[in-house]
1. Let me spell it out: the conditions are (1) within 11 Å of the ligand (Cβ to nearest atom); (2) in a helix (DSSP H, G or I), and residue 253 meets all of them except one. Which number is the exception?
2. Looking only at region 274-296, count how many residues are over 19 Å from residue 99 (Cα atoms), touching a residue at least 24 places away in the same chain (Cβ under 8 Å) and either within 14 Å of the ligand (Cβ to nearest atom) or in contact with a helix residue (DSSP H, G or I) (Cβ under 6 Å, 6 or more places away or on another chain) (or both).
3. For residue 296, are the conditions met, namely being surrounded by 23 or more Cβ atoms within 10 Å (Cβ to Cβ) and touching a Ser or Thr at 6+ places or on another chain (Cβ under 8 Å)?
4. Return a yes/no flag: does region 167-175 have any residue that is buried (at least 17 other Cβ atoms within 10 Å of the Cβ), in a loop (DSSP other than H, G, I, E, B) and of a type in the set (Val, Ile, Thr).
5. Of the residues that sit in region 183-210 and are part of a strand (DSSP E or B) and under 11 Å from residue 284 (Cα atoms), which one is nearest to the ligand (Cβ to nearest atom)?
6. Restricting the search to region 63-87, which residues are modelled with pLDDT under 95, surrounded by 15 or more Cβ atoms within 10 Å (Cβ to Cβ) and among the basic types (Lys, Arg)?
7. Let me spell it out: the conditions are (1) surrounded by fewer than 24 Cβ atoms within 10 Å (Cβ to Cβ); (2) more than 24 Å from residue 143 (Cβ to Cβ), and residue 60 meets all of them except one. Which number is the exception?
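The values are calculated or read from the model by the stated rules, or taken from the named source; none is laboratory data. All of these numbers come straight from a predicted model, not from anything done at the bench. Here the Cβ positions follow ideal geometry from the backbone for every residue, glycine too, while neighbour counts run over all protein chains shown.
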Amino acid sequence: MLHTRICDILGIRHPILLAGMGRASTPELAAAVSNAGGLGVLGAAACGPNQLREWIRRTRALTDRSFGVDTLLPASVRRAGANAGGPSAEEMLPQHRRFARDFLASEGLPELDAAALDEQLNRHPADRDGPRPLSREFFEAQMEVVIDERVPVYAAGLGNPGPWMERLKANGTVVLAVVGTTRHAAQVVRSGVDVVVAQGHDGGGHNSPVGTMALIPQVVDAVEGRVPVVGAGGIGDGRGVAAALMLGAEGAWIGTAFLATDEAGISGPQKQALVDGGDEGTTVSRSVTGKPARMVKNRWAAAYAEAGVEPLPMPYQGIVSSQVTAAALAAGRADVWGGFAGQGLGMIRAVRPAAAVVQEIIEGAERALRRAGSWQVG
Ligand SMILES: Cc1cc2nc3c(=O)[nH]c(=O)nc-3n(C[C@H](O)[C@H](O)[C@H](O)COP(=O)(O)O)c2cc1C
């Protein structure tokens, strides 16, 4: 059986971690992965504090195994300096909202009112009057829930969890940080995280300028054995897990491969778009959150690229794009917004239960490692 240091640190059977994917990694998906012997991680980036508490409690009802919570802590937003010195993003907002309205009209999609928007984005009614999503106050309110609920594992998907480390550690929470550069890896290790996730350019969602194959060994070297490294980005099957282990990682953080599952919190048309997509089916764009993110090729990102318009910084671009993504979801238009996904897209053949995906990945990794072990060296 494949067993690494990560299994002991996280209290899991297989060194397979479900990536925290905003809205997609739901309590049902996280619990299914934990119950199958991996670590389920909630994609809580967009959850307001009330929804986050509900998700944590729902996960606890679905599994008695360990699980994690992933949120974002981007330094640019936490410094409240996203637009410091430059043109005011707040002032630019109406112009971008007009761009979104014109785009919706050109696609024949209606604008949603606030209630319909919340419904599409699955927002908890009690969070409607809370802090603006993806703002500094929003991130801080999420962390209070993470600490109050004493979750077993916390993952910072962006940024440095340093300011919260003391309280997380006092709770016995194992802390992961997702990084895309060796510089960022060194920072989070100095802050005392337990595990570093090295996520390369191949991955879905916010990602690194550096490809996974080159990033993993460089992060492994940068952390100098002080903490284990988990590889991420484009790992779509057992061969990818085996390759990450060869590069010095001790586990894999996997997103896209778990998107085409019965339990994933994305729509039917989005799942079908994943099955239909191929290796060239993704693009990187700032048009959704304001930070570069890999996503299924879509008409909204293409419209920004064609217009040559610079998206706003986080959190402002999310205010603009949520109108479009919600309208596209309501209409079942995965061509307008298919969701984030990584370059492993072409490995997805069907929508299956998450437990089947875990099992296939583990069996594939063991096969690949046995094959490598059978080669003659020297
Ligand atoms: C649909 C989707 C949503 C994502 N949302 C988040 C997020 O909210 N927080 C985060 O840390 N990473 C997010 N990511 C990145 C993943 O955590 C992970 O690093 C990535 O999926 C790994 O690459 P792979 O998709 O090729 O497996 C997201 C990825 C996808 C595909």
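1. It fails just one condition, (2).
2. 12
3. Considered against the rule, which asks whether it is surrounded by 23 or more Cβ atoms within 10 Å (Cβ to Cβ) and touching a Ser or Thr at 6+ places or on another chain (Cβ under 8 Å), residue 296 comes out as yes.
4. There is at least one residue in region 167-175 that is buried (at least 17 other Cβ atoms within 10 Å of the Cβ), in a loop (DSSP other than H, G, I, E, B) and of a type in the set (Val, Ile, Thr).
5. Narrowing region 183-210 to residues part of a strand (DSSP E or B): 195-199, 205-206.
Subsequent filtering for residues that are under 11 Å from residue 284 (Cα atoms) retains 205-206.
Numbers: 205: 3, 206: 6 Å.
Residue satisfying both the conditions and the ranking: 205.
6. If the condition is that a residue be modelled with pLDDT under 95, surrounded by 15 or more Cβ atoms within 10 Å (Cβ to Cβ) and among the basic types (Lys, Arg), then 78 is the only one that fits.
7. In the conditions (1) surrounded by fewer than 24 Cβ atoms within 10 Å (Cβ to Cβ); (2) more than 24 Å from residue 143 (Cβ to Cβ), residue 60 misses (2) alone.
This table checks each residue for (1) among the β-branched types (Val, Ile, Thr); (2) in contact with a strand residue (DSSP E or B) (Cβ under 6 Å, 6 or more places away or on another chain); (3) assigned to a helix (DSSP H, G or I).
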position: 59; (1), (2), (3): yes, yes, yes
position: 64; (1), (2), (3): no, no, no
position: 76; (1), (2), (3): no, no, yes
position: 101; (1), (2), (3): no, no, yes
position: 109; (1), (2), (3): no, no, no
position: 122; (1), (2), (3): no, no, no
